[in-house]
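Inspection log for the structure reproduced underneath, given as structure tokens.
Each value in this text was obtained by applying a stated rule to the coordinates, not by laboratory testing. Bear in mind that the values here come from a model prediction, so they are computed numbers and not experimental data. Backbone-built Cβ (ideal geometry, glycine too); neighbour counts: all protein chains shown.
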Amino acid sequence: MRQAILDQNDRLAERNRGFFRARGLLVLNFLSSPGSGKTTFIREAVRALQPQLKAGVIVGDLATDNDARRLRESGAPVVQVTTGTVCHLEAEMVGRAVGQIDLNGLNLLIIENVGNLVCPASYDLGEDLRVVLLSVTEGEDKPLKYPPMFQSADVVIISKTDLSQACGYDRETALANIRRAAPKARIFETSAKTGQGMDDWCRFVAEQHRARSARDPLGP
């Protein structure tokens, strides 16, 4: 039964991917545990990217629209997906949600997945890049405790670096564990509060959009 569900999801994810490419959208799927700073990071990144890239956001939560309201402060169009008892977003949910966004003029779609380091790892949404956040407050061993999530990551963002000293964060151990679990992932060390690493992240996203546009030149 689980395999059948995942197979159906993969088919819908491919349909999403074809639609996104036809629209010229770079799509990022953000995943993390609750409290990693995902919403704040996305809000500040969208603001910083606006001179280069115009973003829309789909945000998934079990309940409330608190994150969606915070993300709208960036000026980006935001669609809330309330999942109820479902602990992850699925390709079908994303396909429905994107129909509620005016895509004209957008070239970046950000998906903020439900805060969970287990279930979302299995669900392709049609994204170009899977971005996993790890806060310095969570413990350096998270990549080893949740290997499927980190193994699936294209990018790992270490967030809340401004709190490193206060929480006794061991940077070298954290980096070693990330590289062990996700040896091919690009790593960014960031603080949305102070701005550390945000310029590097924005340059990376802009480069990825240019590379994607070169591969798939069709679009609006």
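Figures for the structure shown
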| item | result |
| --- | --- |
| Around residue 102: net Lys/Arg minus Asp/Glu count, Cβ-Cβ under 13 Å | +2 |
| Selection from 118, 136, 150 lying farthest towards where the dipole of the chain points positive, charges on Cβ | 150 |
| Within the chain, helix-based [θ] at 222 nm, where runs of 4 or more DSSP H residues each add -39,500 (n - 2.57), nearest 500 | -11500 deg cm²/dmol |
| Amide H contacts of residue 62 (H built 1.01 Å from N, under 5 Å, at least 5 apart or other chain) | 83 |
| Total formal charge among the other residues, if their Cβ is under 14 angstrom from that of residue 92, Lys/Arg +1 and Asp/Glu -1 | -1 |
| Table column - 3J(HN,Hα) (Hz), segment 149-157, Karplus curve with 6.51, -1.76, 1.60, x for Gly and Pro | 5, 6, 5, 8, 6, 8, 9, 10, 10 |
| Phi to ³J(HN,Hα) by Karplus 6.51 cos²θ - 1.76 cosθ + 1.60 over segment 164-178, Hz, x for Gly, Pro | 4, 5, 4, 9, x, 5, 9, 4, 5, 5, 4, 5, 5, 5, 5 |
| Under-5 Å amide H pairs with residue 108, H placed in peptide plane, nonlocal only | 26, 54, 56 |
| Pairs of Lys in the chain closer than 17 Å at Cα, counting only those 8 or more apart or on different chains | 5 |
| Kirkwood Rh (inverse of mean 1/r, distinct Cα pairs), the chain, angstrom | 17.5 Å |
| DSSP bridge orientation in the chain - percent antiparallel, rounded to nearest 5 | 0 percent |
| Derived scalar couplings ³J(HN,Hα) [segment 80-93; Karplus, 6.51 cos²θ - 1.76 cosθ + 1.60; whole Hz; x for Gly, Pro] | 8, 10, 8, 8, x, 8, 7, 8, 7, 8, 10, 4, 5, 4 |
| Residue 163 versus residue 104: modelled label distance in nm, points set 7 Å from Cα along the beta carbon direction | 4.2 nm |
| Built amide H within the under 5 Å cut-off of residue 89, gap 5+ | 114 |
| Within-14-Å neighbourhood charge of residue 164 [Cβ basis; K, R +1; D, E -1] | -3 |
